Amino acid sequence: MSSSEWHVERRQSSNESPLSRDLENAPETGSLSIVVLGASGDLAKKKTFPALFHLYVQGFLPPNEVCIFGYARTKITDNDLRNRLRGYLVPGKDSSLEQLEEVSKFLNLIKYVSGSYDSKDGFCNLDKEISEHESLKSSAQGPSRRLFYLALPPTVYPSVCKMIKTYCMNKSDLGGWTRIVVEKPFGKDLESAEQLSTEIGELFEEPQIYRIDHYLGKELVQNMLVLRFANRLFMPQWNRDNIANVQIVFREDFGTEGRGGYFDQYGIIRDIIQNHLLQ
């Protein structure tokens with residue numbers, strides 16, 4: 001093989017099964033259940049639900065297929081969660097009637113289930129709610145799909161994943177898939193990150209696991225990459241010979257707002273500096 005040729009090989013897990021192969025070929029139709037675990041937390045209301053709303057507005061989440069479930073320990077109702085999220089979805093004071101209607105339609109897709117992150121009863125109740133949503137969809141529309149987004153501290157990833165695997169997997173006879181999305185920080189160091197990967201890997205096939213950092217998709221980060229590497233004016237100038245120092249300023253006009261316990265355990269450096277600011 002010459003140096004100009006590429007060889008691409010699909011990565012396989014050590015215990016790959018027919019399930020993992022079927023994931024790639026699963027039809028993208030039928031009922032879609034998006035479960036946001038940690039729905040009452042800061043990340044969910046500021047990042048996760050607004051991102052889902054933008055996907056809905058762009059037509060990627062058809063209301064005739066999708067139901068969004070919030071799951072957390074907080075004892076609130078469906079309407080309580082919707083009211084908490086509304087302020088983060090409305091564009092501004094000058095919002096048009098059409099925009100407000102879009103927000104209301106999106107919020108009507110959201111249901112809330114309260115339960116502990118290691119509770120059999122809580123996850124059985126969640127599975128019951130998801131199954132009821134799936135049963136409302138005609139079988140002709142395709143298989144059911146379940147996506148679990150873990151807007152949670154890494155310490156509860158193993159217990160939550162175990163509960164999902166035991167009680168909340170897709171059960172449709174028509175096929176479909178179950179996938180989990182885990183947010184950063186993924187552990188405290190290399191050892192804890194590898195331990196998390198091992199524990200989650202024992203429960204799910206690799207194609208079912210998505211590890212993400214929501215800041216990687218920010219327009220500012222993407223634009224900086226283009227500005228730096230695809231600009232003839234800046235590319236030869238932005239180097240150590242022409243730049244004396246780089247200053248990154250991070251300011252927020254609010255406090256921890258309920259995030260104190262999280263920051264006490266993981267710290268602002270792991271949460272912000274080593275990923276968001278360096279990106």
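Taken together, the residues in segment 182-196 that are aliphatic (A, V, I, L, M) and crowded, with 19+ Cβ neighbours inside 10 Å amount to 2. Checked against the criteria, Glu24 does not count as over 26 Å from Arg179 (Cα atoms) and modelled with pLDDT under 95. May I ask you to verify whether Glu191 is closer than 22 Å to Arg146 by Cβ and assigned by the TED database to the domain that holds Met169? Criteria not met by Glu191.
Residue-level check: of (1) open to solvent by less than 60 Å² (accessible area, probe 1.4 Å); (2) in contact with a Phe, Trp or Tyr (Cβ under 8 Å, 6 or more places away or on another chain); (3) more than 21 Å from Glu65 (Cα to Cα), Pro158 misses just (2).
For segment 197-209, enumerate the residues that are surrounded by fewer than 15 Cβ atoms within 10 Å (Cβ to Cβ) and part of a helix (DSSP H, G or I). Let's see the steps before the verdict.
Let us first name the residues in segment 197-209 that are surrounded by fewer than 15 Cβ atoms within 10 Å (Cβ to Cβ), namely 198-199, 202.
Across segment 197-209, the qualifying residues are Thr198, Glu199.
Residue-by-condition table, conditions (1) without any contact (Cβ under 8 Å) to a residue 12 or more places away in the chain; (2) open to solvent by less than 40 Å² (accessible area, probe 1.4 Å):
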position: Ser96; (1), (2): yes, no
position: Glu102; (1), (2): no, no
position: Gly115; (1), (2): no, yes
position: Lys120; (1), (2): no, no
position: Lys171; (1), (2): no, no
position: Leu174; (1), (2): no, no
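Of the residues Gly70, Gly92, the single one that is over 18 Å from the mean Cα position of the chain (by Cα) and in the same structural domain as Tyr167 (by the TED database) is Gly92.
The values are calculated or read from the model by the stated rules, or taken from the named source; none is laboratory data. As the structure is a computational prediction, the values presented were derived from the model and not from experiment. Positions of Cβ are generated from backbone atoms using ideal geometry, with glycine treated the same way; all protein chains shown enter the neighbour counts. Protein only, heavy atoms only, side chains kept; ligands, DNA and RNA dropped before computing areas. Shrake-Rupley method; radii C 1.70, N 1.55, O 1.52, S 1.80 Å.
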